[in-house]
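> Dropping the structure in here first, questions after.
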Amino acid sequence: MITLTVPPTFAGWRSAARKALQEGIPPGEILWEEAGGDAPLLDLFTLEPALPASIQSPVRVPPAFMELAKRVACHRAPTRWAILYRALWRITHGEPHLLDVFVDSDVHQLMGMDKAVRRDVHKMRAFVRFREVTHPEGVWSVAWFEPAHLIVELNASFFVDRFAGMRWSILTPDRCVHWDGESLGFSPGVDRSAAPGEDAVEDLWRTYYSHIFNPARVKIHAMQAEMPKHYWKNLPEAALIPDLLRAAPGRVAEMLSRSLIKSAPAESRETIISEVADWESLKESASTCQACPLYKNATQTVFGEGPRSARIVLLGEQPGDQEDIQGRPFVGPAGQLLDRALTEAGIDRKECYVTNSVKHFKWEPRGKRRIHEKPNKTEVSACKPWWKAELALVRPSVLICLGATAAQTVFDRDVRVLAERGTVVETVHAAKTLITVHPSSLLRISDPEQREHAYRRFVEDLTLVL
Ligand code: SF4
(Lines give C-alpha, C1' and ligand atoms only; values in the text may rest on other atoms or scores of the structure.)
Protein backbone atom coordinates (compact mmCIF):
# COMPACT_ATOMS: atom_id res chain seq x y z
CA MET A 1 0.00 0.00 0.00
CA ILE A 2 1.35 3.43 -0.95
CA THR A 3 0.42 6.52 1.01
CA LEU A 4 0.09 9.62 -1.11
CA THR A 5 -0.04 12.86 0.84
CA VAL A 6 -1.18 15.64 -1.42
CA PRO A 7 -2.06 19.31 -1.02
CA PRO A 8 -5.86 19.47 -0.73
CA THR A 9 -6.25 21.08 -4.13
CA PHE A 10 -7.26 19.91 -7.55
CA ALA A 11 -3.78 20.66 -8.91
CA GLY A 12 -2.17 18.66 -6.11
CA TRP A 13 -4.39 15.64 -6.68
CA ARG A 14 -4.08 15.83 -10.48
CA SER A 15 -0.31 15.85 -10.33
CA ALA A 16 -0.17 12.83 -8.02
CA ALA A 17 -2.96 10.99 -9.84
CA ARG A 18 -1.29 11.47 -13.21
CA LYS A 19 1.92 9.94 -11.92
CA ALA A 20 0.13 7.08 -10.18
CA LEU A 21 -1.71 6.35 -13.39
CA GLN A 22 1.50 6.35 -15.38
CA GLU A 23 3.02 3.96 -12.85
CA GLY A 24 0.01 1.70 -13.26
CA ILE A 25 -0.86 1.71 -9.54
CA PRO A 26 -4.43 0.44 -9.02
CA PRO A 27 -6.74 2.45 -6.76
CA GLY A 28 -6.79 -0.28 -4.13
CA GLU A 29 -3.07 0.15 -3.52
CA ILE A 30 -3.12 3.85 -2.72
CA LEU A 31 -4.01 5.47 0.56
CA TRP A 32 -4.79 9.13 -0.10
CA GLU A 33 -3.95 11.61 2.64
CA GLU A 34 -4.29 15.36 2.71
CA ALA A 35 -1.35 17.52 3.72
CA GLY A 36 -2.41 19.55 6.74
CA GLY A 37 -1.24 23.04 7.59
CA ASP A 38 2.27 22.23 8.78
CA ALA A 39 2.41 18.60 7.72
CA PRO A 40 5.27 17.77 5.40
CA LEU A 41 4.16 17.15 1.89
CA LEU A 42 4.92 13.57 1.05
CA ASP A 43 4.31 13.16 -2.60
CA LEU A 44 6.08 9.84 -3.10
CA PHE A 45 6.21 10.32 -6.81
CA THR A 46 8.43 13.34 -6.46
CA LEU A 47 10.95 10.93 -4.94
CA GLU A 48 10.88 8.74 -8.01
CA PRO A 49 12.66 9.66 -11.22
CA ALA A 50 10.12 10.82 -13.77
CA LEU A 51 9.34 8.31 -16.45
CA PRO A 52 11.08 9.00 -19.75
CA ALA A 53 8.69 10.71 -22.11
CA SER A 54 9.19 7.87 -24.62
CA ILE A 55 7.47 5.31 -22.39
CA GLN A 56 4.82 7.62 -20.93
CA SER A 57 1.44 6.64 -22.29
CA PRO A 58 -0.88 9.56 -22.94
CA VAL A 59 -3.76 9.66 -20.48
CA ARG A 60 -6.98 10.50 -22.25
CA VAL A 61 -9.66 11.73 -19.92
CA PRO A 62 -13.01 13.22 -20.97
CA PRO A 63 -13.08 17.00 -20.34
CA ALA A 64 -16.34 16.48 -18.44
CA PHE A 65 -14.50 14.38 -15.88
CA MET A 66 -11.83 17.02 -15.36
CA GLU A 67 -14.47 19.72 -14.88
CA LEU A 68 -16.27 17.48 -12.41
CA ALA A 69 -13.01 16.69 -10.63
CA LYS A 70 -12.22 20.42 -10.25
CA ARG A 71 -15.45 20.94 -8.36
CA VAL A 72 -15.33 17.69 -6.37
CA ALA A 73 -11.82 18.65 -5.24
CA CYS A 74 -13.47 21.57 -3.42
CA HIS A 75 -15.62 19.23 -1.32
CA ARG A 76 -14.49 18.73 2.25
CA ALA A 77 -14.84 14.94 2.35
CA PRO A 78 -11.35 13.41 2.73
CA THR A 79 -12.56 10.43 0.67
CA ARG A 80 -12.90 12.52 -2.48
CA TRP A 81 -9.32 11.94 -3.64
CA ALA A 82 -9.65 8.17 -3.52
CA ILE A 83 -13.03 8.21 -5.29
CA LEU A 84 -11.73 10.55 -7.95
CA TYR A 85 -8.73 8.35 -8.57
CA ARG A 86 -10.85 5.22 -8.69
CA ALA A 87 -13.13 6.86 -11.27
CA LEU A 88 -10.14 8.10 -13.22
CA TRP A 89 -8.63 4.61 -13.20
CA ARG A 90 -11.85 3.03 -14.41
CA ILE A 91 -12.33 5.63 -17.15
CA THR A 92 -8.83 4.96 -18.44
CA HIS A 93 -9.12 1.19 -18.05
CA GLY A 94 -12.03 0.20 -20.22
CA GLU A 95 -14.93 2.28 -18.88
CA PRO A 96 -14.67 5.54 -20.88
CA HIS A 97 -18.38 6.30 -20.41
CA LEU A 98 -18.43 5.68 -16.67
CA LEU A 99 -19.89 9.11 -15.92
CA ASP A 100 -23.02 8.18 -17.84
CA VAL A 101 -23.74 5.35 -15.41
CA PHE A 102 -25.61 7.30 -12.76
CA VAL A 103 -26.38 4.21 -10.70
CA ASP A 104 -22.69 3.42 -10.30
CA SER A 105 -21.59 3.92 -6.71
CA ASP A 106 -18.50 6.02 -7.54
CA VAL A 107 -20.43 8.17 -10.01
CA HIS A 108 -23.25 8.58 -7.55
CA GLN A 109 -20.87 9.78 -4.84
CA LEU A 110 -19.06 12.14 -7.17
CA MET A 111 -22.33 13.62 -8.42
CA GLY A 112 -23.48 14.12 -4.85
CA MET A 113 -20.28 15.96 -3.95
CA ASP A 114 -20.50 18.02 -7.12
CA LYS A 115 -24.04 19.03 -6.27
CA ALA A 116 -23.05 20.04 -2.73
CA VAL A 117 -20.18 22.16 -4.03
CA ARG A 118 -22.32 23.85 -6.66
CA ARG A 119 -24.91 24.65 -4.03
CA ASP A 120 -22.26 26.11 -1.75
CA VAL A 121 -20.93 28.23 -4.61
CA HIS A 122 -24.41 29.57 -5.14
CA LYS A 123 -24.83 30.30 -1.42
CA MET A 124 -21.59 32.24 -1.29
CA ARG A 125 -22.67 34.35 -4.24
CA ALA A 126 -26.01 35.01 -2.61
CA PHE A 127 -24.95 35.65 0.97
CA VAL A 128 -21.65 37.46 0.94
CA ARG A 129 -22.26 40.92 2.43
CA PHE A 130 -19.45 43.46 2.26
CA ARG A 131 -18.79 45.93 5.04
CA GLU A 132 -16.81 49.04 4.31
CA VAL A 133 -13.63 49.67 6.28
CA THR A 134 -11.22 52.53 5.99
CA HIS A 135 -7.85 51.44 4.73
CA PRO A 136 -4.70 53.59 4.33
CA GLU A 137 -5.34 53.40 0.60
CA GLY A 138 -8.98 54.34 0.92
CA VAL A 139 -12.23 52.48 1.42
CA TRP A 140 -11.97 48.71 1.30
CA SER A 141 -14.96 46.35 1.36
CA VAL A 142 -14.56 43.29 3.53
CA ALA A 143 -16.88 40.31 3.89
CA TRP A 144 -16.84 37.35 6.23
CA PHE A 145 -18.17 34.04 4.96
CA GLU A 146 -18.05 30.47 6.21
CA PRO A 147 -18.40 28.15 3.26
CA ALA A 148 -19.40 24.56 3.76
CA HIS A 149 -16.72 23.52 1.27
CA LEU A 150 -13.39 24.80 -0.04
CA ILE A 151 -14.88 27.00 -2.73
CA VAL A 152 -13.13 30.34 -2.33
CA GLU A 153 -10.84 29.95 -5.31
CA LEU A 154 -13.56 28.34 -7.41
CA ASN A 155 -15.77 31.36 -6.78
CA ALA A 156 -13.19 34.14 -6.96
CA SER A 157 -13.66 35.06 -10.62
CA PHE A 158 -17.38 35.57 -10.04
CA PHE A 159 -16.70 38.23 -7.42
CA VAL A 160 -14.03 39.86 -9.58
CA ASP A 161 -16.54 40.18 -12.41
CA ARG A 162 -19.32 41.35 -10.13
CA PHE A 163 -17.30 43.82 -8.06
CA ALA A 164 -14.56 44.74 -10.49
CA GLY A 165 -14.77 48.43 -9.59
CA MET A 166 -14.38 47.88 -5.83
CA ARG A 167 -11.43 46.90 -3.71
CA TRP A 168 -12.49 44.02 -1.57
CA SER A 169 -11.54 41.02 0.53
CA ILE A 170 -13.58 37.97 1.37
CA LEU A 171 -12.35 36.37 4.57
CA THR A 172 -13.10 32.76 5.38
CA PRO A 173 -11.69 30.25 7.86
CA ASP A 174 -10.07 28.31 5.00
CA ARG A 175 -8.77 30.87 2.56
CA CYS A 176 -9.09 34.59 1.94
CA VAL A 177 -9.38 36.26 -1.42
CA HIS A 178 -8.46 39.85 -2.18
CA TRP A 179 -9.06 42.13 -5.16
CA ASP A 180 -7.35 45.52 -5.32
CA GLY A 181 -9.08 46.61 -8.50
CA GLU A 182 -6.34 45.14 -10.68
CA SER A 183 -5.12 41.84 -9.37
CA LEU A 184 -6.43 38.89 -7.47
CA GLY A 185 -4.61 37.39 -4.49
CA PHE A 186 -5.16 34.70 -1.91
CA SER A 187 -4.00 34.33 1.67
CA PRO A 188 -4.52 31.76 4.44
CA GLY A 189 -7.83 31.59 6.30
CA VAL A 190 -8.47 33.77 9.32
CA ASP A 191 -10.62 33.82 12.41
CA ARG A 192 -13.94 35.61 12.34
CA SER A 193 -12.56 38.26 14.70
CA ALA A 194 -10.50 39.52 11.76
CA ALA A 195 -13.68 40.59 9.99
CA PRO A 196 -15.10 44.07 10.61
CA GLY A 197 -18.32 44.59 12.58
CA GLU A 198 -21.47 46.37 11.56
CA ASP A 199 -21.53 49.67 9.72
CA ALA A 200 -24.09 52.17 8.55
CA VAL A 201 -24.53 50.40 5.24
CA GLU A 202 -26.12 47.55 7.11
CA ASP A 203 -28.79 49.78 8.62
CA LEU A 204 -29.69 50.88 5.13
CA TRP A 205 -29.82 47.29 3.96
CA ARG A 206 -32.02 46.26 6.87
CA THR A 207 -34.42 49.11 6.18
CA TYR A 208 -34.56 48.15 2.55
CA TYR A 209 -35.17 44.48 3.34
CA SER A 210 -38.00 45.16 5.76
CA HIS A 211 -39.67 47.24 3.06
CA ILE A 212 -39.35 44.67 0.30
CA PHE A 213 -40.38 41.78 2.56
CA ASN A 214 -43.77 40.61 1.31
CA PRO A 215 -45.56 38.63 4.02
CA ALA A 216 -48.01 37.22 1.50
CA ARG A 217 -45.19 35.50 -0.33
CA VAL A 218 -43.55 33.89 2.65
CA LYS A 219 -42.69 30.27 1.98
CA ILE A 220 -40.81 29.40 5.13
CA HIS A 221 -39.45 26.02 4.05
CA ALA A 222 -38.34 27.30 0.69
CA MET A 223 -36.83 30.37 2.35
CA GLN A 224 -34.83 28.30 4.80
CA ALA A 225 -33.74 25.98 2.00
CA GLU A 226 -32.51 28.96 0.03
CA MET A 227 -31.21 30.91 3.00
CA PRO A 228 -30.15 28.32 5.59
CA LYS A 229 -29.88 29.58 9.16
CA HIS A 230 -26.17 28.81 9.01
CA TYR A 231 -25.70 31.99 6.93
CA TRP A 232 -28.00 34.25 8.89
CA LYS A 233 -25.36 35.47 11.28
CA ASN A 234 -23.51 37.14 8.42
CA LEU A 235 -26.57 38.78 6.91
CA PRO A 236 -27.62 42.12 8.35
CA GLU A 237 -31.20 41.55 7.21
CA ALA A 238 -31.39 38.13 8.90
CA ALA A 239 -31.90 39.70 12.33
CA LEU A 240 -35.25 40.97 11.05
CA ILE A 241 -36.50 37.65 9.76
CA PRO A 242 -37.96 36.10 12.96
CA ASP A 243 -39.99 39.24 13.73
CA LEU A 244 -41.09 39.62 10.14
CA LEU A 245 -42.21 36.00 10.02
CA ARG A 246 -44.08 36.31 13.29
CA ALA A 247 -45.88 39.35 11.96
CA ALA A 248 -46.50 37.90 8.49
CA PRO A 249 -50.01 36.48 8.98
CA GLY A 250 -51.21 39.69 10.57
CA ARG A 251 -49.66 41.76 7.83
CA VAL A 252 -51.29 39.61 5.16
CA ALA A 253 -54.63 40.09 6.86
CA GLU A 254 -53.98 43.79 7.04
CA MET A 255 -53.08 43.86 3.36
CA LEU A 256 -56.25 42.03 2.45
CA SER A 257 -58.47 44.17 4.56
CA ARG A 258 -57.16 47.42 3.10
CA SER A 259 -59.90 49.22 1.26
CA LEU A 260 -57.99 48.96 -1.99
CA ILE A 261 -58.04 45.18 -1.84
CA LYS A 262 -61.55 44.97 -0.49
CA SER A 263 -62.89 47.00 -3.35
CA ALA A 264 -60.65 45.41 -5.97
CA PRO A 265 -62.22 43.20 -8.59
CA ALA A 266 -62.29 39.48 -7.81
CA GLU A 267 -59.45 38.74 -10.24
CA SER A 268 -57.12 41.14 -8.42
CA ARG A 269 -58.00 39.72 -5.05
CA GLU A 270 -57.54 36.26 -6.46
CA THR A 271 -54.00 37.14 -7.49
CA ILE A 272 -53.21 38.54 -4.06
CA ILE A 273 -54.81 35.66 -2.20
CA SER A 274 -53.15 33.06 -4.42
CA GLU A 275 -49.77 34.39 -3.30
CA VAL A 276 -50.47 33.65 0.35
CA ALA A 277 -48.13 30.75 0.68
CA ASP A 278 -49.16 28.95 3.84
CA TRP A 279 -52.47 27.73 5.14
CA GLU A 280 -52.34 29.51 8.51
CA SER A 281 -51.81 32.88 6.83
CA LEU A 282 -54.60 32.11 4.40
CA LYS A 283 -57.01 31.25 7.18
CA GLU A 284 -56.10 34.33 9.17
CA SER A 285 -56.49 36.50 6.09
CA ALA A 286 -59.92 35.04 5.36
CA SER A 287 -60.98 35.76 8.93
CA THR A 288 -60.99 39.49 8.14
CA CYS A 289 -62.43 39.27 4.64
CA GLN A 290 -65.08 41.84 3.80
CA ALA A 291 -65.19 41.28 0.08
CA CYS A 292 -68.95 40.80 0.08
CA PRO A 293 -71.71 41.77 2.53
CA LEU A 294 -72.06 38.29 4.04
CA TYR A 295 -69.52 38.95 6.78
CA LYS A 296 -71.87 41.51 8.34
CA ASN A 297 -74.49 39.07 9.65
CA ALA A 298 -72.30 36.05 10.26
CA THR A 299 -70.55 35.16 13.49
CA GLN A 300 -67.25 34.35 11.87
CA THR A 301 -65.50 33.14 8.75
CA VAL A 302 -65.73 29.37 8.54
CA PHE A 303 -62.58 28.25 6.83
CA GLY A 304 -61.77 24.76 5.57
CA GLU A 305 -60.16 22.13 7.75
CA GLY A 306 -58.38 18.84 7.35
CA PRO A 307 -54.93 17.59 6.47
CA ARG A 308 -53.06 19.79 4.03
CA SER A 309 -51.86 16.60 2.36
CA ALA A 310 -55.40 15.30 1.87
CA ARG A 311 -56.10 13.28 -1.27
CA ILE A 312 -59.75 14.29 -1.23
CA VAL A 313 -61.27 17.74 -0.88
CA LEU A 314 -64.99 18.09 -0.24
CA LEU A 315 -66.40 21.44 -1.30
CA GLY A 316 -69.83 22.41 -0.01
CA GLU A 317 -71.94 25.51 -0.40
CA GLN A 318 -71.69 27.61 2.74
CA PRO A 319 -71.61 27.14 6.52
CA GLY A 320 -74.91 26.52 8.28
CA ASP A 321 -76.17 27.69 11.65
CA GLN A 322 -74.01 25.28 13.69
CA GLU A 323 -70.95 25.82 11.54
CA ASP A 324 -71.31 29.57 11.92
CA ILE A 325 -71.37 29.22 15.71
CA GLN A 326 -68.61 26.66 16.00
CA GLY A 327 -66.43 28.10 13.24
CA ARG A 328 -65.93 24.68 11.62
CA PRO A 329 -67.33 23.29 8.36
CA PHE A 330 -69.83 20.44 8.21
CA VAL A 331 -70.42 19.98 11.93
CA GLY A 332 -74.23 20.40 11.83
CA PRO A 333 -76.87 17.86 10.77
CA ALA A 334 -75.73 17.84 7.13
CA GLY A 335 -72.16 17.30 8.29
CA GLN A 336 -73.18 14.36 10.41
CA LEU A 337 -74.99 12.82 7.46
CA LEU A 338 -71.92 13.42 5.32
CA ASP A 339 -69.73 11.67 7.90
CA ARG A 340 -72.00 8.65 7.83
CA ALA A 341 -72.07 8.50 4.05
CA LEU A 342 -68.32 8.86 3.81
CA THR A 343 -67.82 6.01 6.25
CA GLU A 344 -70.16 3.79 4.27
CA ALA A 345 -68.34 4.71 1.09
CA GLY A 346 -65.05 3.68 2.69
CA ILE A 347 -63.69 7.22 3.01
CA ASP A 348 -62.21 8.46 6.28
CA ARG A 349 -63.31 12.05 6.84
CA LYS A 350 -60.23 12.67 8.99
CA GLU A 351 -58.17 12.16 5.86
CA CYS A 352 -60.24 14.64 3.82
CA TYR A 353 -60.02 18.40 3.60
CA VAL A 354 -63.50 19.87 3.98
CA THR A 355 -64.46 23.37 2.99
CA ASN A 356 -67.15 25.55 1.45
CA SER A 357 -67.55 27.70 -1.64
CA VAL A 358 -68.68 30.61 0.54
CA LYS A 359 -67.11 31.18 3.91
CA HIS A 360 -69.78 33.18 5.72
CA PHE A 361 -73.24 32.00 6.74
CA LYS A 362 -76.02 33.69 4.78
CA TRP A 363 -79.32 33.53 6.56
CA GLU A 364 -82.65 35.22 7.13
CA PRO A 365 -84.49 35.42 10.46
CA ARG A 366 -87.61 33.40 10.95
CA GLY A 367 -88.81 33.92 14.48
CA LYS A 368 -85.90 33.00 16.67
CA ARG A 369 -84.37 30.80 14.02
CA ARG A 370 -81.77 31.63 11.42
CA ILE A 371 -82.79 30.07 8.14
CA HIS A 372 -80.24 29.29 5.44
CA GLU A 373 -80.42 31.55 2.41
CA LYS A 374 -78.69 30.62 -0.81
CA PRO A 375 -75.71 32.87 -1.66
CA ASN A 376 -76.08 34.79 -4.91
CA LYS A 377 -73.67 34.72 -7.83
CA THR A 378 -71.84 37.87 -6.74
CA GLU A 379 -71.21 36.45 -3.29
CA VAL A 380 -70.08 33.10 -4.64
CA SER A 381 -67.78 34.83 -7.07
CA ALA A 382 -66.35 37.10 -4.35
CA CYS A 383 -65.49 34.07 -2.25
CA LYS A 384 -63.98 32.05 -5.07
CA PRO A 385 -60.34 33.13 -4.45
CA TRP A 386 -60.45 31.55 -1.00
CA TRP A 387 -61.41 28.02 -1.96
CA LYS A 388 -59.12 28.20 -4.99
CA ALA A 389 -56.21 29.14 -2.74
CA GLU A 390 -57.10 26.28 -0.39
CA LEU A 391 -57.10 23.83 -3.29
CA ALA A 392 -53.82 25.22 -4.57
CA LEU A 393 -52.24 24.49 -1.19
CA VAL A 394 -53.81 21.06 -0.68
CA ARG A 395 -53.47 19.95 -4.31
CA PRO A 396 -55.92 17.05 -4.00
CA SER A 397 -56.27 14.34 -6.57
CA VAL A 398 -60.01 14.18 -5.86
CA LEU A 399 -62.44 17.08 -5.59
CA ILE A 400 -66.03 16.34 -4.63
CA CYS A 401 -68.47 19.14 -5.35
CA LEU A 402 -71.38 18.84 -2.95
CA GLY A 403 -74.39 20.52 -4.54
CA ALA A 404 -75.03 23.06 -7.26
CA THR A 405 -73.26 26.04 -5.74
CA ALA A 406 -69.99 24.12 -5.41
CA ALA A 407 -70.31 22.55 -8.85
CA GLN A 408 -71.11 25.86 -10.53
CA THR A 409 -68.21 27.75 -8.95
CA VAL A 410 -65.78 24.93 -9.80
CA PHE A 411 -66.97 24.45 -13.40
CA ASP A 412 -67.74 28.12 -13.93
CA ARG A 413 -71.06 27.42 -15.60
CA ASP A 414 -74.59 26.43 -14.75
CA VAL A 415 -74.65 22.86 -13.54
CA ARG A 416 -77.77 20.72 -13.24
CA VAL A 417 -76.68 18.49 -10.40
CA LEU A 418 -79.31 15.80 -10.84
CA ALA A 419 -78.40 15.44 -14.52
CA GLU A 420 -74.61 15.60 -14.07
CA ARG A 421 -74.10 13.85 -10.76
CA GLY A 422 -72.02 10.73 -10.62
CA THR A 423 -69.62 11.59 -13.42
CA VAL A 424 -65.94 11.96 -12.66
CA VAL A 425 -63.98 14.35 -14.85
CA GLU A 426 -60.57 15.94 -14.76
CA THR A 427 -60.37 19.66 -13.97
CA VAL A 428 -57.56 22.08 -13.29
CA HIS A 429 -58.23 21.53 -9.59
CA ALA A 430 -58.06 17.76 -9.40
CA ALA A 431 -57.54 14.73 -11.61
CA LYS A 432 -60.91 13.38 -10.44
CA THR A 433 -63.66 15.93 -9.95
CA LEU A 434 -67.04 14.58 -8.96
CA ILE A 435 -70.41 16.31 -8.83
CA THR A 436 -72.96 15.02 -6.38
CA VAL A 437 -75.75 16.34 -4.22
CA HIS A 438 -75.31 18.34 -1.04
CA PRO A 439 -76.13 16.23 2.04
CA SER A 440 -78.53 18.92 3.28
CA SER A 441 -80.74 18.15 0.26
CA LEU A 442 -81.26 14.64 1.67
CA LEU A 443 -82.41 16.08 4.97
CA ARG A 444 -85.12 18.04 3.19
CA ILE A 445 -86.75 14.87 1.78
CA SER A 446 -89.67 14.15 4.06
CA ASP A 447 -90.55 10.68 2.77
CA PRO A 448 -88.32 8.15 4.63
CA GLU A 449 -88.22 5.72 1.74
CA GLN A 450 -87.27 8.36 -0.77
CA ARG A 451 -84.74 9.80 1.67
CA GLU A 452 -83.13 6.39 2.12
CA HIS A 453 -83.03 5.88 -1.63
CA ALA A 454 -81.42 9.31 -2.15
CA TYR A 455 -78.93 8.56 0.60
CA ARG A 456 -77.93 5.29 -1.09
CA ARG A 457 -77.33 7.10 -4.34
CA PHE A 458 -75.23 9.67 -2.51
CA VAL A 459 -73.05 6.92 -1.01
CA GLU A 460 -72.75 5.33 -4.46
CA ASP A 461 -71.56 8.64 -5.91
CA LEU A 462 -68.90 8.93 -3.22
CA THR A 463 -67.54 5.47 -4.00
CA LEU A 464 -66.77 6.62 -7.55
CA VAL A 465 -63.61 8.39 -6.41
CA LEU A 466 -62.10 5.46 -4.54
S1 SF4 B 1 -68.44 35.20 2.07
FE2 SF4 B 1 -66.37 34.99 1.32
S3 SF4 B 1 -66.04 36.81 0.08
FE4 SF4 B 1 -67.83 37.21 1.34
S5 SF4 B 1 -66.97 38.23 3.12
FE6 SF4 B 1 -67.09 36.07 3.60
S7 SF4 B 1 -65.12 35.28 3.10
FE8 SF4 B 1 -65.28 37.25 2.11
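The values are calculated or read from the model by the stated rules, or taken from the named source; none is laboratory data. In this text the structure is predicted, and so the values were computed from the model without any measurement. Cβ: placed from backbone, ideal geometry, glycine included. Neighbour counts: every protein chain shown.
> Give me the helices (runs of 4 or more DSSP H) completely within the stretch 70-174, filtered to those with at least 2 residues that are modelled with pLDDT under 95 and aromatic (F, W, Y), ordered by residue number.
152-162
> In addition: Cβ contacts < 8 Å: first residue assigned by TED's automatic domain parsing to the domain that holds L110 and surrounded by fewer than 20 Cβ atoms within 10 Å (Cβ to Cβ), restricted to the stretch 60-72; second residue assigned to a helix (DSSP H, G or I) and of a type in the set (G, A, S), any location; separation 6+ or different chain. Result?
If the second residue must be assigned to a helix (DSSP H, G or I) and of a type in the set (G, A, S), the pairs left are F65/A87.
> Residues to consider are R340, R349, R369; find the one that is away from the ligand (no atom under 16 Å from the Cβ), of a type in the set (D, E, K, R) and under 35 Å from the mean Cα position of the chain (by Cα).
After applying the criteria, what remains is R349.
> Could you identify the single residue in H108, H97, H149 that is touching a residue at least 40 places away in the same chain (Cβ under 8 Å) and under 21 Å from F65 (Cβ atoms)?
From the options H108, H97, H149, the qualifying one is H149.
> Which of the residues that make up the stretch 270-311 are modelled with pLDDT of 85 or more and small (G, A, S)?
A286, S287, A291, A298, G304, G306, S309, A310
> Show the residue pairs that are 6+ apart or on different chains and have beta-carbon atoms under 7 Å apart, the first residue being within the stretch 350-364 and farther than 8 Å from P319 by Cα, the second being of a type in the set (V, I, T) and within 16 Å of the ligand (Cβ to nearest atom).
S357/V380; S357/T405; S357/T409
> Pick out, from the stretch 333-450, the strands (runs of 3 or more DSSP E) lying fully within it that include 2 or more residues that are polar (S, T, N, Q) and surrounded by 14 or more Cβ atoms within 10 Å (Cβ to Cβ).
352-356, 432-436
> Taking only the stretch 153-173 into account, find how many residues are within 14 Å of A195 (Cβ to Cβ) and within 31 Å of the chain's Cα centre (by Cα).
Result for the stretch 153-173: 4.
> Which residue, of V410, V380, is within 16 Å of the ligand (Cβ to nearest atom), among the aliphatic types (A, V, I, L, M) and touching a helix residue (DSSP H, G or I) at 6+ places or on another chain (Cβ under 7 Å)?
V380
> Related question: Out of all the residues in the stretch 352-366, which are away from the ligand (no atom under 16 Å from the Cβ) and over 25 Å from A389 (Cα atoms)?
Result: P365, R366.
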